[in-house]
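See below for the structure under consideration.
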Amino acid sequence: MSDARRQLTALTRQRLFWPVLILTALLLSNLFFTPGFFSIEMRNGHLYGSLIDILRASTPLILVAVGMTVVIATGGIDLSVGSVMAISGAIACLHISGLTDQNSVAGMLLAVAMALGLSLLLGLWNGALVSLIGIQPIIATLILMVAGRGLAQLITDGQIINVNSAPYKVIGAGYALTLPVSVLIVAGVVTAAALLIRRSALGMLVESVGGNPTASRLAGIRARQLVILAYVFTGLCAGIAGLIFSSNVSSADGNNAGNLIELDAILAVVIGGTALTGGRFSLAGSVLGAVIIKSLDITIYTIGIPSEATLLFKALVVIVLCLAQSPAFRARISGLGRGGAGRGGPPRPPGSPPGQRGGESTDDSTGDGQPQQVEPAARKAAEAQA
């Protein structure tokens, strides 16, 4: 194998190679329909452009995907993140709507603190069910997924709560340092999580719990506390995502806020290279996966896919993305391309001597150098009787 081939093989084995390649292909495909897709301009001290819109639209999903990554790394899963988002936004908007002055910064900060505090408690609830009581993660979080959605609708009384708070609007729709505030918030959360998990022993402990719970327990690792901490962190991320979502639309909808975002988050984690079986994980890969999903959503609208075929088209693209990342699928395609299957006639039966294939004998009794066909037993018996 040449050095160039060896370097290319090593590059394709990098965890982030395929997510980056897929994202690049998606973004470049938009140039055929929108020539100025990559253009970014400054307006009133703010950056505007399609790429900025993608980052801004990706922020709730990135937060949920990062939290989901840590939970999946412990061998669990959290289906309640969408409900936690709805509850967080409902609590914040309910408190702000009851203020005499909705533009009060102190009132807005109290609403945010209440929403995040409740999100932490909901994450603690999930962690306790999974770690202390021993309920399967998919069942434990499914309970909060259903009950949480009902709680959000109870908080909002089944109505959409609209608010008119300029300080609260900044969270999801404001700008700072020429960038959307939501992007800066997500960048801060992801950076803090990466430093805490990857620059300390915490990440290794999380991987050990997810990779081999029995061995980690025998090694003295406090697996229960780590699992609870993972669910608490996921609840916090979902709570922040709920604040960004409700702030962006200046309202709280307990029925639709965060609906089915848990499925996109799991998909983003898988696209990013994290195995659902637990163990090794990649926060950067999950961030890229979330951006890929939102880029795909925007691409669907850009190329003009009909609304009734949107979900089907998205599913087909996701299948292609997953197959492109599968080493086994790529190896099989490579083998077919080299003609590895079907070359040289039918396969040799197990146990037959070299050079013999199915239905052939290497006995050269005729002396013509050609293999004879093995006669059926019935024909041999008939000849012997005759």
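The values are calculated or read from the model by the stated rules, or taken from the named source; none is laboratory data. Treat the numbers as computed from the prediction; the structure is a model and nothing was measured. No Cβ is skipped: glycine too gets one built from the backbone with ideal geometry, and neighbour counts run over all protein chains shown. Surface areas here come from the heavy atoms of the whole protein model, side chains and all, with no ligands, DNA or RNA. Shrake-Rupley method; radii C 1.70, N 1.55, O 1.52, S 1.80 Å.
Would you confirm whether any residue within region 166-174 is basic (Lys, Arg), under 29 Å from the mean Cα position of the chain (by Cα) and more than 23 Å from VAL105 (Cβ to Cβ)? Checked region 166-174: no residue is basic (Lys, Arg), under 29 Å from the mean Cα position of the chain (by Cα) and more than 23 Å from VAL105 (Cβ to Cβ). Filtering region 56-72 for residues that are touching a helix residue (DSSP H, G or I) at 6+ places or on another chain (Cβ under 6 Å), under 22 Å from ILE138 (Cα atoms) and either among the polar types (S, T, N, Q) or at pLDDT below 90 (or both) leaves a non-empty set. Here THR299 clears all of (1) buried (at least 18 other Cβ atoms within 10 Å of the Cβ); (2) of a type outside the set (A, V, I, L, M); (3) part of a helix (DSSP H, G or I); (4) modelled with pLDDT of 85 or more except the condition numbered (4). Surrounded by 13 or more Cβ atoms within 10 Å (Cβ to Cβ) and of a type in the set (Gly, Ala, Ser) - does that describe any residue in region 27-44? Yes: one or more hits. Evaluating PHE233 against the criteria (1) at pLDDT 90 or above; (2) closer than 27 Å to ASN30 by Cα; (3) among the aromatic types (Phe, Trp, Tyr) leaves one unmet condition, (2). Restricting attention to region 132-147, the residues that are closer than 23 Å to ASN255 by Cβ and over 22 Å from the mean Cα position of the chain (by Cα) total 1.
For region 48-77, a residue qualifies if it is of a type in the set (A, V, I, L, M, F, W, C), more than 18 Å from SER286 (Cβ to Cβ) and open to solvent by less than 40 Å² (accessible area, probe 1.4 Å), and exactly one does: ILE52. Restricting attention to region 51-101 and to residues that are polar (S, T, N, Q) and within 16 Å of the chain's Cα centre (by Cα), the residue that is farthest from LEU229 (Cα to Cα) turns out to be SER58. Of ALA275, ALA257, all but one fail to be part of a loop (DSSP other than H, G, I, E, B) and open to solvent by 40 Å² or more (accessible area, probe 1.4 Å); the exception is ALA275.
Here GLY45 meets each of (1) out of contact with any helix residue (DSSP H, G or I) (no Cβ under 7 Å at 6 or more places or on another chain); (2) under 20 Å from SER251 (Cα atoms) with one exception, condition (2).
Residues checked against (1) within 20 Å of ILE77 (Cα to Cα); (2) among the small types (Gly, Ala, Ser):
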| residue | (1), (2) |
| --- | --- |
| PRO180 | no, no |
| ALA193 | yes, yes |
| ARG199 | no, no |
| GLY211 | yes, yes |
| SER216 | yes, yes |
| ALA219 | no, yes |
| VAL232 | yes, no |
| SER247 | no, yes |
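Of all residues in region 216-254, those that are without any contact (Cβ under 8 Å) to a residue 12 or more places away in the chain and either open to solvent by less than 50 Å² (accessible area, probe 1.4 Å) or in contact with a strand residue (DSSP E or B) (Cβ under 6 Å, 6 or more places away or on another chain) (or both) total 1.
Applying the condition of being of a type outside the set (Gly, Ala, Ser) and modelled with pLDDT under 75 to region 7-22 and asking which residue is most open to solvent (accessible area, probe 1.4 Å) yields ARG13.
Scanning region 186-203 for residues that are surrounded by 12 or more Cβ atoms within 10 Å (Cβ to Cβ) and at pLDDT 80 or above turns up VAL186, ALA187, VAL189, VAL190, ALA193, ALA194, LEU196, ILE197, LEU202, GLY203. Sub-6 Å Cβ pairs linking a first residue in region 178-195 that is over 22 Å from GLY235 (Cβ atoms) to a second residue that is open to solvent by 30 Å² or more (accessible area, probe 1.4 Å) and basic (Lys, Arg), at least 6 apart or interchain, are PRO180/ARG56, ordered by first then second residue. Determine if region 119-138 includes at least one residue that is among the aromatic types (Phe, Trp, Tyr), part of a helix (DSSP H, G or I) and within 30 Å of GLU41 (Cβ to Cβ). No: zero hits. Taken as a whole, the condition of being assigned to a helix (DSSP H, G or I), out of contact with any Ser or Thr (no Cβ under 7 Å at 6 or more places or on another chain) and over 26 Å from ILE52 (Cα atoms) does not apply to VAL209. Within region 129-167, the set of residues being within 18 Å of LEU226 (Cα to Cα), of a type in the set (A, V, I, L, M, F, W, C) and open to solvent by 60 Å² or more (accessible area, probe 1.4 Å) comprises LEU132, ILE133, ILE138. In region 316-346, of all residues being over 26 Å from SER286 (Cα atoms), of a type outside the set (Lys, Arg) and surrounded by 10 or more Cβ atoms within 10 Å (Cβ to Cβ), the one that is modelled with the lowest pLDDT corresponds to PRO346.
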